[in-house]
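**Student:** Handing you this structure, nothing more for now.
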């Protein structure tokens, strides 16, 4: 079976990305994933499963999925599947919304995705406005944590 994706250098950016080798339709499973290592603190490569569980992804190529404020894929940490959020054409880079799986990120950064909905500073779901939160899809853990956090703030 042909691989569904490949890692490649992004032109003029000195970084790698993960690119589709085939077309995906919304809702299609791109890949199952698991943990290659479990950490109790986030780092710049982890996906958060619960309060004290952050995983390094397996297959390791998934670590090359870069951030976008208008992502085309989503890490479902309940089913442990990477899922297409919208149509992804062959050759297109996969992206996901980093706060969708991290409450507080280890390393914040300034987003340069240039999407109309760009939130600019990426720090984790804890720092999103209600509007920004409602516009995106989040892991079950982050969804429940945000709702409790937002209720406490109201």
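The values are calculated or read from the model by the stated rules, or taken from the named source; none is laboratory data. Since we're looking at a predicted model, the values are computed, not measured. As a convention, Cβ positions derive from the backbone with ideal geometry for all residues, glycine included, and neighbour counts pool all protein chains shown.
**Student:** Applying the selection to the range 8-20, what residues are loosely packed, with under 14 Cβ neighbours inside 10 Å and either assigned to a strand (DSSP E or B) or under 19 Å from the mean Cα position of the chain (by Cα) (or both)?
**Tutor:** Scanning the range 8-20 gives 8, 9, 10, 15.
**Student:** Restricting the search to the range 73-102, which residues are buried (at least 21 other Cβ atoms within 10 Å of the Cβ) and free of Cβ contacts under 8 Å to residues at least 60 places away in the same chain?
**Tutor:** Scanning the range 73-102 gives 73, 82, 95, 96, 97, 98, 99, 100, 101.
**Student:** Of the residues that make up the range 103-112, is at least one at pLDDT below 95, surrounded by fewer than 14 Cβ atoms within 10 Å (Cβ to Cβ) and farther than 24 Å from residue 128 by Cβ?
**Tutor:** Checking the range 103-112: not a single residue is at pLDDT below 95, surrounded by fewer than 14 Cβ atoms within 10 Å (Cβ to Cβ) and farther than 24 Å from residue 128 by Cβ.
**Student:** Shifting gears a bit: Any residue at all in the range 50-72 that is over 18 Å from residue 29 (Cα atoms), touching a helix residue (DSSP H, G or I) at 6+ places or on another chain (Cβ under 6 Å) and surrounded by fewer than 22 Cβ atoms within 10 Å (Cβ to Cβ)?
**Tutor:** Yes, that holds for at least one residue.
**Student:** Under 7 Å between Cβ atoms, which residue pairs at least 6 apart in sequence (or on different chains) link something in the range 28-51 that is free of Cβ contacts under 8 Å to residues at least 24 places away in the same chain with a partner that is in a loop (DSSP other than H, G, I, E, B) and exposed (fewer than 11 other Cβ atoms within 10 Å of the Cβ)?
**Tutor:** From residues that are free of Cβ contacts under 8 Å to residues at least 24 places away in the same chain, the pairs are 40/52.
**Student:** So, in the range 36-61, exactly how many residues are within 22 Å of residue 18 (Cα to Cα) and part of a loop (DSSP other than H, G, I, E, B)?
**Tutor:** Total satisfying the criteria: 6.
**Student:** Give the number of residues within the range 121-139 that are surrounded by 14 or more Cβ atoms within 10 Å (Cβ to Cβ) and part of a loop (DSSP other than H, G, I, E, B).
**Tutor:** Looking only at that region, the number is 8.
**Student:** Out of (1) over 25 Å from residue 39 (Cα atoms); (2) assigned to a helix (DSSP H, G or I); (3) modelled with pLDDT of 95 or more, the odd one out for residue 118 is which?
**Tutor:** Only one criterion in (1) over 25 Å from residue 39 (Cα atoms); (2) assigned to a helix (DSSP H, G or I); (3) modelled with pLDDT of 95 or more is unmet by residue 118, namely (2).
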